[in-house]
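Worksheet: the structure to be examined is printed underneath.
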Amino acid sequence: MARNKKQQQQQQQRPPPVAAGKPPTPPKQPAVDKRDPLTMSADEVSARLEKLRKRARFLDACMYVPCTCHKVKFGVESMLGLVPIVGDFAGLILAFLFVSMICGKFHTPASIKTQM
């Protein structure tokens, strides 16, 4: 009886047998978050930031008032604001899309999302 217990303990300690011809599978590594700026290359981060800058420029300062040497600029969002109620809601939607675009391209903590 004592011998059976020893044999059972030894069998439990042994690793499972490997099938012939199949190498053992390596342990899984944790997945890397592609949205995390710390794991992206510098070129990828700068490309994503440039896309966001273009979108911000379009919303805030894509047009200028003539005869002011480009000093007075305005964007699509301010043009939409001239339309009484619909323009305000359209500006809100554009701002929400811009924030969601930032959160989608970069891994943003919840505390920063609430501040935006």
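The values are calculated or read from the model by the stated rules, or taken from the named source; none is laboratory data. Not measured: the values here are computed from a predicted model. Keep in mind that these areas ignore ligands, DNA and RNA; they rest on the heavy atoms of the full protein, side chains included. Shrake-Rupley method; radii C 1.70, N 1.55, O 1.52, S 1.80 Å.
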Search result, residues across the range 44-69 that are open to solvent by 80 Å² or more (accessible area, probe 1.4 Å) and either acidic (Asp, Glu) or under 26 Å from residue 113 (Cα atoms) (or both): 51, 53, 54, 55, 57, 58, 60
Scan of the range 43-58 for residues that are acidic (Asp, Glu), more than 12 Å from residue 102 (Cα to Cα) and either outside any helix (DSSP H, G or I) or modelled with pLDDT of 85 or more (or both), ordered by number: 43
